[in-house]
Structures are given as structure tokens and as C-alpha cells.
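Since the structure comes first, as C-alpha cells, the remarks are kept for the end.
The values are calculated or read from the model by the stated rules, or taken from the named source; none is laboratory data. The model shown is predicted, which means the values in this text are computed figures rather than measured ones. Neighbour counts run over all protein chains shown; Cβ positions are idealised from the backbone, glycine included. Only protein heavy atoms, including side chains, enter the accessible area calculation; ligands, DNA and RNA are left aside. Shrake-Rupley method; radii C 1.70, N 1.55, O 1.52, S 1.80 Å.
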Amino acid sequence: DIMEVLKAIVAAQRDHGNRDVRANARMKYLVHTLGIEKFTKLVESYVGKEIAPWRPMEDWKYNDWMGWWEQGDGKLFYGQHVDSGRVKDEGDFRLKSAMRTIVDRYDLHSILSPTQSIIFRDIDPKDKDGIEAILREHGIAPIEEVDPIARLAMSCPALPLCGLAQTEAERIMPSYVERMRALLTKMNLPGEEILMRMTGCPNGCARPYMAELAFVGDGPKSYQLWLGGSPVLTRTAYPYMAKMNTDTMEETMEPILAMFVQQRMEFEAFGDFCHRVGAEAIENYSETYVLGSVVA
């Protein structure tokens, strides 16, 4: 019944969500207005049957399904990473042309992933080498060569496309990925993976409030800093800093990463660490931290 329930949820939002005020149009506002019990009853009225009570979820690992995978029926599927969902041709990087060539030549169906990437399915194993050759010819790096921070990162379009945006997101996110990787390398954390999100306003269209580290735009060159979300997206983050100027990102993040280096538990992820110690402890540590004094 899962597909029928999903259709019912979408239909409930379609018919009862606020379609007049864009800033109040998202489903979370409908749920907040009705309350979860009334919202559930509303969805049940579309499904035609009761929805089973909540039950605890088993622990699970986040996977974006990028790269090559066996499909289970003798065929393969391939996940193609797309930075912030932007399919484009730019210089030697010609993702748009590559995708057109693959679809035309092999008549493949594609799936949009929740992380703004593309999955090609129903691939005959004999076509794998040909698809890889097309990607190479169009300047597309294999997933093994994509920085894990970039692979995990998401951002909304923001300026100049969104009328609600207060600052940059998609256009500046690649530089934030590079700056964060440089800072991690400087602190002797070259292999660290942090799930990072960025939006141009607090509406949160790239789901920043679930990320380990999020930059939420609140003005020109200014971002709220959020910490403590789950690396498997099962916990919301908390607001750590009300305003961070984009030029001071490294100065802001270095004390947090230094505390992470010194006080993390074995195999503890960055988001789990920030959630465990809390905002107050990080603020106290940062107040006395001397830049450049700590490396792993």
C-alpha cells in the first residue's frame, strides 16, 4: 500500500495546503496547522483505510547509490553524481551532452535521486564499458574521483533564480566544498566526510536542517550556521550561530573542528559529535581557541 499512501499524502497537500501564500505553502506548515493526528486522519480519508501506528525504525546506513550496482535481475544501474542537481555543459565538463548521448544510444530510463543526482536503470552489463567511455569523452569524472564532501553536499538554486533568496547557495557551494576540504586537510583530517547543505534563505529547500553542517542564508554574504544533524539524516540540527560572514568561514569552523579532533569518540561522525557535546560547549571552547593550535 506504500505507493497509495504516498499518493494520498501528496493529494492532501495539493488540496489543503496554502496555495495562496508561497512562504506558507510547504507541507510542514499544513502538518503544523492540523497536528499530526488530524493530518493522519486526512490522509486516511484519501487512502480509504487506517494507517498502521508508528513503529521504531531499525538502524540504517545512508547510501546515495552513486556508481555501478547490480540491479537484482541480471541488469545494472548507474548513479551519476550531479552537483546541486545542475545538469549543464560548461567548458570540458559536458554532463548534459553525455546524458543525452547515453539515453539516445542505449534507450535508458532514469530516476531522479533525493540528493539531486541521476540514476540510469535497466543497463545491460555489456553496455557498461560503452557508457563509461561516453562519460570519459565528455569530461565526467568517475564517482571514485569525486570529493566525498561534494558527493554529500546539496544546495538550492538561490540567486539569481529564486525570488525568496537572500544570498548565494548553488553558485557558491563549490567554493565552500573546496574551502572545507582545504581546512580539513590543514587540520590533518583529509579523509573526513561531512554531510553539508546550503540554502539562500531560511525556507530550507535543500533540507539544511537535517545536515551535519549547514549554512542557511539570511542576508548578503551572511549565513546562519547549523550543527548536529545526523550523517544518516535521522535527526535535525540545532542553530549554532545567527550570522556568519562568508569571508570568516574558516575562522568560524576551525575551533569547532579542533574540538572535534580533541574530544571525538572512536569512529564518531562530525554531526554525532556536535549533537553529543551541544552548542554551549562548542561556544565555550571556541572562545579560548587559538587559530592554528590544533591538528589531528
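Some points to look at:
- TRP68 paired with LYS128, simple spin-label distance in nm, labels 7 Å along Cα-to-beta-carbon: 0.3
- The chain: most fluctuating residue of ARG151, ARG136, ARG105 per GNM, C-alpha cutoff 10 Å: ARG105
- Sum of side-chain charges, HIS81 neighbourhood, beta-carbon under 12 Å (Lys, Arg +1; Asp, Glu -1): -3
- Relative protection proxy for 225-237, 47-59, 201-213, 276-288, from highest mean packing down: 201-213, 225-237, 276-288, 47-59 (other beta-carbon atoms within 10 angstrom).
- For HIS16 and LYS186, the difference between the fully extended length at 0.36 nm per residue and the C-alpha to C-alpha distance is 56.1 nm.
- Probe 1.4 Å, accessible area per residue of region 112-222, Å²: 42
- Among the cysteines of the chain, those whose beta-carbon sits 4.7 Å or more from every other cysteine beta-carbon are CYS162, CYS201, CYS274.
- For GLN80, the residues whose amide H sits under 5 Å from its own are GLY67, ILE118, ILE119, PHE120, ignoring neighbours fewer than 5 places away on the same chain, with H placed 1.01 Å from N.
- Carbon + sulfur, % of accessible area of the chain - ligands and nucleic acids excluded, 1.4 Å: 54
- Point-to-point label distance, LEU34-TYR289, nm (Cα→Cβ direction, 7 Å offset): 4.3
- For ASP129, the solvent-accessible surface computed with a 1.4 Å probe is close to 110 Å², ligands and nucleic acids excluded.
- Helical content alone sets the calculated 222 nm signal of the chain at -11500 deg cm²/dmol, taking -39,500 (n - 2.57) per DSSP H segment of four or more residues and averaging over every residue.
- Long-range HN-HN contacts of GLY217 with modeled amide H, under 5 Å: THR199, GLY200, CYS201, GLN224
- Whole-Hz couplings from phi, Karplus 6.51/-1.76/1.60, listed for region 199-207; x for Gly and Pro: 9, x, 7, x, 4, x, 5, 9, 6
- Among the lysines of region 34-141, pairs at least eight places apart or on separate chains and with Cα atoms under 13 Å apart come to 4.
- Using the Cβ-Cβ distance between LYS49 and SER110 with R0 = 45 Å, the FRET efficiency computed as 1/(1 + (r/R0)^6) comes to roughly 0.85.
- Nearest-0.05 FRET efficiency for TRP60 and ARG264, computed from C-beta distance (R0 22 Å): 0.50
- Gained length - ALA23 relative to ARG276, 0.36 nm times residue gap less alpha-carbon distance: 87.8 nm
- Efficiency of FRET between ILE2 and VAL103 - r from beta-carbon atoms, R0 30 angstrom, step 0.05: 0.60
- Average accessible surface area per residue within region 27-77, 1.4 Å rolling probe, Å²: 84
- In terms of the mean number of neighbouring beta-carbon atoms within 10 Å, the peptides 95-102, 109-116 order highest first as 95-102, 109-116.
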